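The block underneath contains the structure these notes are about, expressed in structure tokens.
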Amino acid sequence: MNRPVNINDVIKSAITLLNNMIKRSTKNFQVCYGTKLPLLKGNRQKLEQIIINLIQNACQALTNKDQAIKVSSYYNEEKDAVVIEVADEGEGMDQEVIAQIMAPFFSTKQPGEGTGLGLAVSEKIVRDHGGEILVSSKKGEGSVFRVVLPTEASKKRVKVLIADDEEAFRDSMREALEACGGFRVETVSNGVEACVKIGQDPPDLLVLDIMMPGMDGVEVCKLIKDRSELSQIKVLIVTGYADSSKVEELRDMGFGHIVVKPFKLSNFLEEIRNLMER
Ligand SMILES: Nc1ncnc2c1ncn2[C@@H]1O[C@H](COP(=O)(O)OP(=O)(O)OP(=O)(O)O)[C@@H](O)[C@H]1O
Ligand SMILES: [Mg+2]
């Protein structure tokens, strides 16, 4: 059931439940509760299940009791989201493992120690709450898991991803959208980053430059077209080359919303309004 939830209360009860395991695993357990966190709407029990799994994983990753675990909560203003962070100084993971950890039944633990469902289930719960799980880790040094849970107000805003290699353009488009209100904007500077972001957290609207180093806008559009689960994403192409063959290719693929640079921000916003109303 979706009720107002105070994340700090949920963290507290998860820690109480895991008290014995934590004591057995480390002499250095820290909790840092964020102040003035907004309430979230969500399922308290399911959110607790995520925190329990993350702390259990952290405990199981430690190789001696001097290694620390730190749990914190804080508000991320840019994302308008509450973040729960579980950091450990344990064994860490290499890239190959990181790539698989969200898959159901993936586990590196001994049979009987882990089913490999913890993170798969957690990710589903986080997605159901409109959020995402971010992971950073280094083999031999430890891991940080961040659960990002957007506020209700944030969930109502249109999620925009701007992919453009020109910083000045990126910033002016972001500022124009943020000044309108109702948009939650993230930016990346090339096609590869755009694809990673789209895979992790698909936007409602993608503002896409064509000419970018590495992977260009056409290739990003091909990826979107190939994957039916991404078909909801609306795409606005921004380009300095209105008559290039790439624009034709994009039109043929069904990506026909194009604004030619340099443009007036009012035209850019008008085009976005048209696109969002479709
Ligand atoms: N904090 C961490 N440090 C190092 N590796 C981790 C950490 N958290 C997760 N992993 C890796 O991710 C894998 C999957 O984690 P997940 O929680 O999904 O399953 P599990 O812990 O193996 O089993 P279960 O959660 O079902 O008991 C783990 O087996 C481990 O290899
Ligand atoms: Mg687990």
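Taking label points 7 Å from Cα along the Cα-to-Cβ direction, residue 136 and residue 102 give a separation of 1.8 nm.
Scan the stretch 90-184 for GluC sites (Glu not before Pro) in coil per DSSP, keeping those whose Cβ has at most 12 other Cβ atoms within 10 Å, and list them by number.
Taking the stretch 90-184 and a limit of 12 other Cβ atoms within 10 Å, the loop GluC sites (Glu not before Pro) found are 113, 141.
The string of couplings for the stretch 141-146 from the Karplus curve (6.51, -1.76, 1.60, θ = phi - 60°) is 10, x, 9, 10, 10, 10 Hz, one whole number per residue in order, with x for Gly and Pro. Taking the chain as a Gaussian network, Cα atoms linked when under 10 Å apart, which of 54, 37, 265 shows the biggest mean-square fluctuation? With Cα springs under 10 Å in the chain, the top fluctuation among 54, 37, 265 is at 265. Residues whose amide H lies under 5 Å from that of residue 188, counting only those 5 or more places away or on a different chain, are 162, 163, 164; hydrogens are built 1.01 Å from N in the peptide plane. Helix 44-61 and the long axis of the chain differ in direction by around 70°, with both axes built from C-alpha atoms. Using θ = phi - 60° in the Karplus curve 6.51 cos²θ - 1.76 cosθ + 1.60, the 3J(HN,Hα) couplings for the stretch 81-94 round to 9, 8, 10, 10, 10, 10, 10, 9, 9, x, 5, x, 9, 8 Hz; x is entered for Gly and Pro. In this structure the amide hydrogen of residue 238, modeled in the peptide plane, comes within under 5 Å of the amide hydrogens of 208, 209, 210, 259, none closer than 5 places in sequence on its chain.
Calculated mean residue ellipticity, 222 nm, the chain: -12000 deg cm²/dmol, from DSSP H runs (n ≥ 4) at -39500 (n - 2.57) each, averaged per residue and rounded to 500.
Judged by the ratio a/c of the largest to the smallest principal axis of the C-alpha gyration tensor, the stretch 3-151 counts as prolate, that ratio being 1.5 or greater while a/b is larger than b/c. Residue-wise HN-Hα couplings along the stretch 130-137, as the Karplus relation 6.51 cos²θ - 1.76 cosθ + 1.60 with θ = phi - 60° gives them from phi, are x, x, 8, 10, 10, 10, 9, 7 Hz; Gly and Pro carry x.
Each principal axis of the Cα cloud of the chain was taken in turn, and the coordinate range along them, longest first, works out to 66, 37, 32 Å.
Given q = 0.12, 0.19 Å⁻¹, what are the Debye log10 I(q)/I(0) values for the stretch 157-277, with equal point scatterers placed on the Cα positions and solvent ignored? Normalising to I(0) and taking log10 leaves -0.37, -1.01.
Bear in mind these aren't lab numbers, they're just calculated from the coordinates by the rules spelled out. This one's a predicted model, so the numbers in the text were calculated from it and none came from an experiment. Cβ atoms come from the backbone with ideal geometry, glycine included; neighbour counts cover every protein chain shown.
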